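Worksheet for the structure shown next.
The values are calculated or read from the model by the stated rules, or taken from the named source; none is laboratory data. A quick note: this is a predicted structure, and the numbers were derived from the prediction, not measured. So basically every Cβ, Gly included, is an ideal-geometry build from the backbone, and we count neighbours across all protein chains shown.
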């Protein structure tokens, strides 16, 4: 008896492999070696924010974090409010910092600590997912604030000159980032209806690749 489900699965996978008009031969040329991490970056850009995709060889060891949110580091703000989950020391002297941006700075610092505890660093991050809630009174999530915070920890080294690129915090003039890092992970950012902790506006999870041994 034939099993059409297997044929259908093979067809779907082949279609996905050829998606975007990429010829099969070209795709095979992108196949990573067993211990290789290959990052697809936009052509003609020396400072792109994210990768188009990442390929990992079959022998690459990876670490997957849980979704991490901000810590309640602002005791002057009421419990359960978004402002409670910010750290005033991170934004001291900056103007126009949004609450989403301030929370994201705490989250990314938490991500850094989580990675280092597992033996990797933000420079090893290859994929990232960010979940945003809209701030109270807003109509949509604060993507701009999130992106400013992201550049404080990722994608802030020019890939051609290798110079650190100043980044803005809030509406303040660009300054050296909190962490110089040339990593451009493949990233997805989405707005969600709710997060697990009342007051959270940002939650992030990452995958990092261990260095070759």
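Odds and ends about this structure:
- Residue match in region 69-77 (condition: under 22 Å from residue 164 (Cβ atoms) and within 20 Å of the chain's Cα centre (by Cα)): no
- Number of residues in region 112-127 that are part of a helix (DSSP H, G or I) and either without any contact (Cβ under 8 Å) to a residue 40 or more places away in the chain or within 12 Å of the chain's Cα centre (by Cα) (or both): the value is 7.
- Reported count of residues in region 172-191, each being in contact (Cβ under 8 Å) with a residue 24 or more places away in the chain, part of a loop (DSSP other than H, G, I, E, B) and exposed (fewer than 13 other Cβ atoms within 10 Å of the Cβ), is 0.
- Considered as a group, the residues in region 158-171 that are under 25 Å from residue 40 (Cα atoms) and free of Cβ contacts under 8 Å to residues at least 60 places away in the same chain include one that is surrounded by the fewest Cβ atoms within 10 Å (Cβ to Cβ), and that residue is 162.
- Answer from 63, 85 - the residue that is surrounded by 15 or more Cβ atoms within 10 Å (Cβ to Cβ) and in contact with a strand residue (DSSP E or B) (Cβ under 6 Å, 6 or more places away or on another chain): 63
- Screening 166, 198, 185 for residues that are more than 22 Å from residue 65 (Cα to Cα) and at pLDDT 95 or above leaves exactly one candidate, 166.
- Residue within region 199-211 that is without any contact (Cβ under 8 Å) to a residue 60 or more places away in the chain, within 30 Å of residue 75 (Cβ to Cβ) and not in a loop (DSSP other than H, G, I, E, B) present: no
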